[in-house]
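In what follows, a structure is listed as structure tokens, so that the remarks can point back to it.
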Amino acid sequence: MAVGRARLSGLEQDVRAAANWCLDVADHYGVTVTVVSGRRSTDEQRRLWNNYQNCLRSGNMGRTANCKYPANPPGDSAHEYGLAWDSVVDPSLMPWWKRIRELAGFHVIAGDLPHAEVPGWRQYV
Ligand SMILES: [Zn+2]
């Protein structure tokens, strides 16, 4: 079952439909997916960017719970345009979940596996 499906509501219509398809596939296989992020405000992106910079400065990147993932600067995240969403599954299923999202047309970045975005999204904003 999907947790946080409502977080997809701010995505662009076609992106939301593709993301919902992914969640439906997971539902079909009985895999629990938690949607952790959809569209973000610029303020929220700035908060994540500042946190990421603090993680890099302190050397905590990849070492603490709030320093697990990179963030783009405010104004330069697909999340701010409703063109990306983040989700997690049981770590053992993450390779499968990456493949499902790729089948739906998303680009999943190796260093940020929860993140799925429209390939080449900058050309659309
Ligand atoms: Zn993301």
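The values are calculated or read from the model by the stated rules, or taken from the named source; none is laboratory data. These figures come from a predicted structure and were not determined experimentally. Cβ placement follows ideal geometry from the backbone for every residue including glycine, while neighbour counts extend to all protein chains displayed. Side chains are part of the model used for accessible areas, which takes the heavy atoms of the whole protein and leaves out ligands, DNA and RNA. Shrake-Rupley method; radii C 1.70, N 1.55, O 1.52, S 1.80 Å.
Of note:
- The residues neighbouring M61, those whose beta-carbon lies less than 14 Å from its own, together hold a net charge of +2 under the Lys/Arg +1, Asp/Glu -1 convention.
- Spacing of the two label points (7 Å from each Cα toward its C-beta) at Y29 and E44, in nm: 2.7
- Extension gain for S58-M1 works out to 16.8 nm (0.36 nm per residue, less the C-alpha to C-alpha distance).
- Contour minus Cα-Cα distance for E102 and D14 (0.36 nm per residue): 30.2 nm
- Net charge of neighbours whose Cβ lies under 12 Å from the Cβ of N50, counting Lys and Arg as +1 and Asp and Glu as -1: +1
- Based on DSSP H segments of at least four residues, each scored -39500 (n - 2.57), the chain has a per-residue ellipticity at 222 nm of -11000 deg cm²/dmol.
- Overall, the accessible surface of the chain at a probe of 1.4 angstrom is composed of carbon and sulfur to the extent of 52 percent.
- Full extension of the chain between A110 and L93 gives 4.7 nm of extra length, using 0.36 nm per residue less the Cα-Cα distance.
- With Cα atoms defining each centre, region 105-125 and region 37-65 are spaced 18 Å apart in the structure.
- Rounded to whole Å, sorted largest first: equivalent-ellipsoid semi-axes of the chain, Cα gyration tensor: 23, 18, 12
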